[in-house]
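What follows is one structure encoded as structure tokens, with my remarks underneath.
The values are calculated or read from the model by the stated rules, or taken from the named source; none is laboratory data. Predicted, not measured: the structure shown is a model, and the values here were computed from it. All Cβ positions, even for glycine, are placed from backbone atoms using ideal geometry, and neighbour counts span all protein chains on display. Ligands, DNA and RNA are excluded from the accessible area calculation, which covers all protein heavy atoms including side chains. Shrake-Rupley method; radii C 1.70, N 1.55, O 1.52, S 1.80 Å.
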Amino acid sequence: MAVTPKTFVREELGNEYGEVVATVPAGKRWVLTSLLLSNSRTGSESASANFLMLEDVFVLHNLKLSPGGVFTLDCAQVLEAGQRIQAWADGNYGAALHACGVEMEA
């Protein structure tokens, strides 16, 4: 079984509740190993509240990041074909998500 290191998501977050940022393709399995959330804004009024769900289950809920803040989470979460990574920020505050791990055949 071939295992390929992969970046699943690397993007700035929108503010739509439950926004899907990545979906495991058919015939594949992902093992999510690292999540990084950041807030690239500056200024004291630029804090962000971030939300992350894996297949409709909250992993992070209302995580506050101050301007320039970074949050990392090392994990070993398996996602099967069709399952989704959902992420969004409360407002448009320059929050971004980087999610990586390995992809393999299901």
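Quick notes on this structure:
- Among the residues listed as Ala99, Ala87, Ala95, Ala81, the single one being surrounded by 12 or more Cβ atoms within 10 Å (Cβ to Cβ), over 13 Å from Val9 (Cβ atoms), in contact with a strand residue (DSSP E or B) (Cβ under 7 Å, 6 or more places away or on another chain) and touching a residue at least 24 places away in the same chain (Cβ under 8 Å): Ala81
- Among the residues making up the stretch 1-18, those that are open to solvent by less than 50 Å² (accessible area, probe 1.4 Å) and modelled with pLDDT under 95 are Leu13, Gly14, Gly18.
- On inspection, Leu73 does not qualify as closer than 14 Å to Val9 by Cα and open to solvent by 30 Å² or more (accessible area, probe 1.4 Å).
- Just one residue in the set Thr72, Thr42 is within 18 Å of Val21 (Cα to Cα), out of contact with any Lys or Arg (no Cβ under 9 Å at 6 or more places or on another chain) and hydroxyl-bearing (Ser, Thr, Tyr); that residue is Thr72.
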